[in-house]
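Below is one structure; the comments refer to it alone.
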Amino acid sequence: MSKRLLTILSIILISLFAENALAENYFVVEKNSRSVHHSSSQPNPNEIDGLPKPILKAAINAYLYAIKQNDVRNLSMLTIVDFNKPSYEKRLWVIDLHNKHIIMNIHVAQGRNSGKIYPTHFSNDPNSHESSLGIFTTYGQEYHGAFGKSLHVRGLESDINSNALSRGIVIHSEWDITPKFIRTMGYAGRTWGCFAVNPDHINRIIELLQDDSVLFVYASPEKEDPLVAHPLSSEGEKLYQEIIQTNSNPLVRFFETF
């Protein structure tokens, strides 16, 4: 059999099974973590890998704003959290902007006083134990603190998240953000406002996000945030279309992982 024919057959087989192959070989996913609350398996045309497209647009505006403020050194990564989603769903995405790939989609905790399952209260106040919204960057490199390997974040928006550093808001791991805990309890564990993730993912996420990358945290109040609630610039629209096109084609994404 010719090499060319083998190549064609390989492409056909990959196209048939690419979606499963991607989940196993490319994404950082949490196996068997689908909650009984989430019954639909049909893709939503208004989402890309579960990320609502309007929130992606807002996140791109956040990314470009942070760059203009000279607050970004790690330009390759954009992290998005959607706190409109309940804690039993995977609601944190990391996008590799160099390749336009969504490379992580995992669970993330919310503040204890923001709500048990759906976060509805947000604050910038010290000791509020609530999550904050808006535009952040990670701050510096990893360190080892009370929760093990961690990464500081700083807020770029006055009165919305500007106290993040002084509040000690960090990315760290927690045992109660695991698929097993979420399946058992029906919700993820909560924090005092930190972005806690599954311990299995802490090394990878810190490796990707350290050195001042952009983190955008969304919930409905962000619809009124003038820094992100506006049409995309031509630069932003180009980036948005590239992300959508890349992540809509599983075959292309499979080959680009090699």
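The values are calculated or read from the model by the stated rules, or taken from the named source; none is laboratory data. In this text the structure is predicted, and so the values were computed from the model without any measurement. Glycine gets a Cβ as well: all are built from the backbone with ideal geometry, and neighbour counts include every protein chain shown.
Can you report the number of residues in the range 169-188 which are within 27 Å of TYR143 (Cα to Cα), touching a residue at least 12 places away in the same chain (Cβ under 8 Å) and of a type in the set (Phe, Trp, Tyr)? Number of matching residues: 1.
Scanning the range 70-88 for residues that are part of a loop (DSSP other than H, G, I, E, B) and either touching a strand residue (DSSP E or B) at 6+ places or on another chain (Cβ under 9 Å) or crowded, with 19+ Cβ neighbours inside 10 Å (or both) yields ASP71, VAL72, ARG73, ASN74, LEU75, SER76, PHE83, ASN84, LYS85, PRO86, SER87, TYR88. For the condition part of a helix (DSSP H, G or I), surrounded by 23 or more Cβ atoms within 10 Å (Cβ to Cβ), of a type in the set (A, V, I, L, M, F, W, C) and at pLDDT 95 or above, ILE60 qualifies.
Output the residue which, of all residues in the range 77-104 that are over 9 Å from the mean Cα position of the chain (by Cα) and of a type in the set (S, T, N, Q), is modelled with the lowest pLDDT. Checking each candidate, the answer is ASN99. Which residue is surrounded by the fewest Cβ atoms within 10 Å (Cβ to Cβ), if the candidates are limited to the range 201-221 and must be within 13 Å of SER150 (Cβ to Cβ) and among the aliphatic types (A, V, I, L, M)? In this case the residue turns out to be ILE206. When PHE216 is tested against (1) over 18 Å from ILE102 (Cα atoms); (2) among the aromatic types (Phe, Trp, Tyr); (3) touching a residue at least 40 places away in the same chain (Cβ under 8 Å), exactly one condition is not met: (1).
Could you list all residues from the range 188-200 that are surrounded by fewer than 21 Cβ atoms within 10 Å (Cβ to Cβ) and farther than 16 Å from LYS149 by Cα? Outline the logic, then answer.
Going residue by residue through the range 188-200, those that are surrounded by fewer than 21 Cβ atoms within 10 Å (Cβ to Cβ) are 189, 192, 199-200.
GLY189, TRP192, listed by residue number.
The rows are residues; the columns are (1) modelled with pLDDT under 95; (2) more than 25 Å from HIS152 (Cβ to Cβ); (3) more than 15 Å from the chain's Cα centre (by Cα).
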| residue | (1), (2), (3) |
| --- | --- |
| ARG167 | no, no, yes |
| THR184 | no, yes, yes |
| VAL197 | no, no, no |
| LYS223 | no, yes, yes |
| GLU237 | no, yes, yes |
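Scanning the range 134-190 for residues that are closer than 27 Å to TYR63 by Cα and either part of a loop (DSSP other than H, G, I, E, B) or of a type in the set (Asp, Glu) (or both) turns up GLU142, LEU156, GLU157, SER158, ASP159, ILE160, ASN161, SER162, ASN163, GLY168, ILE169. Report yes if some residue within the range 229-240 is part of a loop (DSSP other than H, G, I, E, B), of a type in the set (Phe, Trp, Tyr) and surrounded by 15 or more Cβ atoms within 10 Å (Cβ to Cβ); otherwise report no. Within the range 229-240 (the criterion being part of a loop (DSSP other than H, G, I, E, B), of a type in the set (Phe, Trp, Tyr) and surrounded by 15 or more Cβ atoms within 10 Å (Cβ to Cβ)), the answer is no, since none of the residues qualifies.
Here the condition is being farther than 15 Å from PHE195 by Cα, at pLDDT 95 or above and of a type outside the set (D, E, K, R); of LEU156, LEU151, it holds for LEU156 alone.
Test of understanding: among HIS101, HIS121, which residue is surrounded by 17 or more Cβ atoms within 10 Å (Cβ to Cβ), closer than 25 Å to PRO179 by Cα and not charged (D, E, K, R)? Can you show your working first?
Working: HIS121 fails: surrounded by 17 or more Cβ atoms within 10 Å (Cβ to Cβ).
Every option except HIS101 fails the conditions.
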